[in-house]
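Trainee: Take a look at this one; I'll ask things after.
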Amino acid sequence: MNSFSHLNNQAEAQMVDVSHKANTIRIAKAEGSVKFTPEMQKVLSENNWNTAKGSVLETAKLAGTMAAKQTSNLIPLCHPLAIHSIVFESFEEEGCIRLTCEVKTEGKTGVEMEALTGVSVACLTIYDMCKAADRGMVIEGVQLLECAQRAVQELESGLRKIRESADMRRGRVALGFASLSVVWTAILVISFIA
């Protein structure tokens, strides 16, 4: 048996069959950094990360989003996925800007490659937008930070329990009002007879 799922027994490339898997919520988060000279970082910070080409960070986030959605067109054995959300965050640190890309979907396979592709292209876009002023930038630390999946049935079961609990509380409140109404009616009838 082969430990590489993208290779068959003859060591030929193949797309993994995921048809037997259940749909689950899939989340992956990746990060990458672009290192600058201190002078370049100072200029970018003072200009609110804008250059003659436009907003560096917003352009990078858009490029990363577009790339994450195209992962299966770039990496031959990735499954095409319906991505539900892509969230980028940026953190200015000494000597660099660090980006994270979190991708979420519901499906039969993970979104690690989408998160890695998204953050990689975002970093490349920063390089492109700043290369006229600093060709010594370094892209580094592109890595997967986290990868998680939760069964859709698990989430639906949790939501069902919350709804049932809320319905029970509403039922108790309604029962309480009904009981109170019966008591007041009894008091009125007794006081009318007396």
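Trainee: What percentage of the solvent-accessible surface of the range 66-105, computed with a 1.4 Å probe over protein heavy atoms, is contributed by carbon and sulfur atoms? Display every interim value, and only then the final one.
Mentor: Details: 1170 of 2230 Å².
Heavy-atom surface of the range 66-105 belonging to carbon and sulfur, 1.4 Å probe: 53 percent.
Trainee: What's the local net charge at Ser72, with K and R +1, D and E -1, over the other residues with C-beta under 15 Å away? Walk me through the numbers before you get to the answer.
Mentor: Values: positive: Arg26, Lys69, Lys108; negative: Glu112, Glu114.
Local charge sum for Ser72: +1.
Trainee: So, one more: Over the range 75-142, give the accessible area per residue in Å² for a 1.4 Å probe, as an integer. Each step should come with its number before you reach the end.
Mentor: Numbers: 3180 Å² over 68 residues.
Spelled out: the 1.4 Å probe surface of the range 75-142, per residue, equals 47 Å².
Trainee: Do any GluC sites (Glu not before Pro) in the range 1-102 lie in a loop, going by DSSP, with at most 11 other beta-carbon atoms within 10 Å of their beta carbon, and if so which?
Mentor: Details: sites: Glu12, Glu31, Glu39, Glu46, Glu58, Glu89, Glu92, Glu93, Glu94, Glu102; in loops: Glu12, Glu94.
Answer in residue order: Glu12, Glu94.
Trainee: Restricting attention to the range 1-109, which chymotrypsin sites (Phe, Trp or Tyr not before Pro) occupy a DSSP loop and are surrounded by at most 11 other Cβ atoms within 10 Å?
Mentor: Sites meeting the loop and neighbour criteria: Phe4.
Trainee: Here is the link list: Lys53/Lys104; Lys35/Lys108; Lys61/Lys131; Lys21/Lys69; Lys42/Lys69; Lys69/Lys108. Which ones come out longer than 27 Å on Cα distance? Numbers along the way, then the final one.
Mentor: Working: Lys53/Lys104 30 Å; Lys35/Lys108 36 Å; Lys61/Lys131 17 Å; Lys21/Lys69 22 Å; Lys42/Lys69 33 Å; Lys69/Lys108 17 Å.
Among Lys53/Lys104; Lys35/Lys108; Lys61/Lys131; Lys21/Lys69; Lys42/Lys69; Lys69/Lys108, the Cα-Cα distance tops 27 Å for Lys53/Lys104; Lys35/Lys108; Lys42/Lys69.
Trainee: Please go through the range 30-71 and write out the trypsin sites (Lys or Arg not before Pro) that DSSP classes as loop and that have at most 16 other C-beta atoms within 10 Å. Don't skip to the answer; put the middle values down first.
Mentor: Working: sites: Lys35, Lys42, Lys53, Lys61, Lys69; in loops: Lys53.
Answer in residue order: Lys53.
Trainee: Taking the Cβ of Leu57 as the centre, find all other residues whose Cβ is under 15 Å away and add up their charges (Lys, Arg: +1; Asp, Glu: -1). List each step's numbers first, then the result.
Mentor: Numbers: positive: Lys53, Lys61, Arg98; negative: Glu31, Glu46, Glu58, Glu89, Glu92, Glu93, Asp128.
Summing Lys and Arg as +1 and Asp and Glu as -1 gives -4.
Trainee: Let me ask something else. For the range 62-114, what mean projected area does the convex hull of the alpha carbons give, in nm²? Walk me through the numbers before you get to the answer.
Mentor: Details: hull surface 16.5 nm².
Projected over every direction and averaged, the Cα hull of the range 62-114 covers 4.1 nm².
Trainee: By how many nm would the segment from Thr109 to Thr51 lengthen if fully extended, with 0.36 nm per residue of separation less the alpha-carbon distance? Walk me through the intermediate numbers first.
Mentor: Details: separation 58, 0.36 × 58 = 20.88 nm, distance 3.87 nm.
Length difference between fully extended and current span is 17.0 nm.
Trainee: Pulled fully out, how much extra length does the chain show between Gln143 and Val43, if you take 0.36 nm times their separation in residues and subtract their Cα-Cα distance?
Mentor: Details: separation 100, 0.36 × 100 = 36.00 nm, distance 2.76 nm.
Gain in length upon complete extension: 33.2 nm.
The values are calculated or read from the model by the stated rules, or taken from the named source; none is laboratory data. Computed from a predicted structure; not experimentally measured. Here Cβ is always computed from backbone atoms with ideal geometry, including for glycine, and neighbour counts include all displayed protein chains. Only protein heavy atoms, including side chains, enter the accessible area calculation; ligands, DNA and RNA are left aside. Shrake-Rupley method; radii C 1.70, N 1.55, O 1.52, S 1.80 Å.
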